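Below is one structure, written out as C-alpha cells; comments come after it.
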Amino acid sequence: MRWSPAVETEALLAIADWAGRHALPLFLMLLGALLLTVGVVGWLWQMHVWPRARDGLPQPALLLLGVGTGFGALVAAAKVFADIAERLGDGERMSLLDEALSLSIRQHVDIGTLQVFAVLTHLGDAALLTVLALAVAALLWRRGRGALALAWLLALGGNALLIPLLKRIFERVRPLHDHGLVSEIGFSFPSGHTAGATVAYGMLAYVALRVLPDRWHVPAVLAATALVFTIGSSRVFLQVHFASDVLAGFAWGLAWLAVCMLSVELSRRYRLRR
C-alpha cells in the first residue's frame, strides 16, 4: 500500500524530531561508521588495490584511473548539491524537515553539548583557515614544493571567493537560535564553514599524501574526515545552519576538492612527461 504525500511528510517529520532528540548519540554513531568505512577503504586501497594497479598497469591506464575516479567524485558531489538546491523553498518537504530537526535540537540538546560544539566549530573559521593556508604554503615553499604550495592556495582561495556568490544566489535565511554561544550573519545556503573545512582539510590530506611517508596516509585521511564531519555537524547542533545547508556544503566542498586535485594531478603528469 502506497502512502499519501501528507502521510509520508508526517512520518519524515517524526523521524526528524527523533533525530533531534538523539542528536549527540546519532552524531557519534555516524562519525564512527564514517571513520570505519574510510579507514577500511583507505587500507584496502593502500595495501592491495594501488600496489597491484601501479605494478600491473601502464602509465596511461593509471592516469585514466585517476581521472575517472576524480571525475566520478566531481559528478556525484555536484549532483547532490544540485538536488538539494532544487528542493529548497518555503513549503518544500526538505525545508519542513530542516525546520523540524532544528527545532527538536533547540528543545532537546543540552547547553553543555552545545558549548563543546561551539568550541569545535571554530576549527572552520575563515581566520583560522587563512592562517593555516599561509603556514602550509610557506612550509611547502621552503621544502621546494612551490607548485604544490600554489595549488594549495588556489584551492582554498577559490572556494573562499565562490561560496559568497552561491549564498547570494540562493539567499536562504538562517534558522533561529537563542543559546547565545555563536552568532552568524548573512545567508545560510550552502554552509561556508562546512565547505571551507571540506576543502581546507581535504586538500591538507592530499598534501600529506604527496609529502609524507606511506604509513601516514590513512591516518591523515581519517583525521581530515573526522575534522570535516565534526565541523559540519557543529553548524547543525548550534542551529546556525539547517541540515541541508551542511549537506550542500559537504557536496560543494567535495566537488571543488575533486576539481582542484584533478587539476593538480593532470598538471603534475604533464610536467613529468616533459
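Any read-out appearing in this document is the output of simple, stated calculations on the displayed coordinates, not a laboratory observation. Model, not experiment: these values are computed from the prediction. Reconstructed Cβ throughout: ideal geometry from the backbone, glycine too, with neighbour counts over all protein chains shown.
In terms of the Cα gyration tensor, with a ≥ b ≥ c the square roots of its eigenvalues, is region 113-153 rounded because a/c is under 1.5, prolate because a/b exceeds b/c, or oblate?
The shape class here is prolate.
So what is the relative contact order of region 143-274, in percent, for Cα pairs below 8 Å that sit 6 or more residues apart?
After rounding, I find 33 percent.
Counting only other residues whose beta carbon sits under 12 Å from that of Gln107, what net charge do I get with K and R as +1, D and E as -1? Please report the intermediate quantities before stating the final value.
Values: positive: Arg21, Arg106; negative: Asp17, Asp110, Asp178.
Charge balance near Gln107 sits at -1.
In the chain, which whole DSSP H runs stretch at least 20 Å along their own axis (Cα) and average -1.0 or higher on the Kyte-Doolittle scale?
Both cut-offs are met by 5-21, 23-44, 59-86, 93-108, 126-142, 146-170, 192-211, 217-237, 243-273.
What is region 5-273's relative contact order, in percent, from Cα pairs under 8 angstrom and six or more apart in sequence?
29
Which one, Val240, Ala160, Leu262, is farthest towards the positive end of the dipole of the chain when Lys and Arg carry +1 and Asp and Glu -1 on their Cβ?
My answer, from the dipole projection, is Leu262.
Within a Cβ distance under 12 Å of Ala137, other residues only, what is the Lys/Arg minus Asp/Glu net charge?
Numbers: positive: Arg142, Arg143, Arg145; negative: none.
Within the 12 Å Cβ shell, the charges total +3.
Given points 7 Å out from each Cα along the Cα-Cβ axis, report the Ser267 to Ala11 separation in nanometres with one decimal.
So the two model labels end up 5.0 nm from each other.
Could you order peptides 146-153, 187-194 by the average number of other Cβ atoms within 10 Å of their residues, highest first?
By packing density, highest mean first, the sequence is 187-194, 146-153.
In nm, what is the difference between 0.36 nm times the number of residues separating Met47 and Ala226 and their Cα-Cα distance?
Going from the current span to full extension adds 62.2 nm.
Using +1 at the C-beta of Lys and Arg and -1 at the C-beta of Asp and Glu, which of Leu103, Gly186, Tyr201 has the Cα lying farthest in the positive direction of the dipole of region 5-273?
Tyr201
Would you mind computing the Rg to Rh ratio of region 5-273 from its alpha-carbon coordinates, Kirkwood style for Rh?
Computed over Cα atoms, the ratio is 0.99.
Taking region 155-274 as the region of interest, what is the percent of Cα-Cα pairs per 5 angstrom bin, listed from the shortest bin to the one with the maximum distance?
2, 12, 19, 20, 17, 12, 8, 6, 3, 1, 0, 0
With a ≥ b ≥ c taken as the square roots of the eigenvalues of the C-alpha gyration tensor of region 68-200, please select rounded if a/c is under 1.5 and otherwise prolate if a/b is larger than b/c or oblate if it is not?
In terms of gyration-tensor shape, oblate.
Can you give the FRET efficiency for Met29 and Val173, using 1/(1 + (r/R0)^6), R0 = 45 Å, r = Cβ-Cβ distance, to the nearest 0.05?
It comes to 0.90.
Length gain on complete extension for the stretch Leu36 to Ala147, per 0.36 nm per residue less the alpha carbon to alpha carbon distance?
36.7 nm
So how strong a dipole does the chain carry about its Cα centre when Lys and Arg Cβ are +1 and Asp and Glu Cβ are -1, to the nearest 20 debye?
It works out to roughly 1580 debye.
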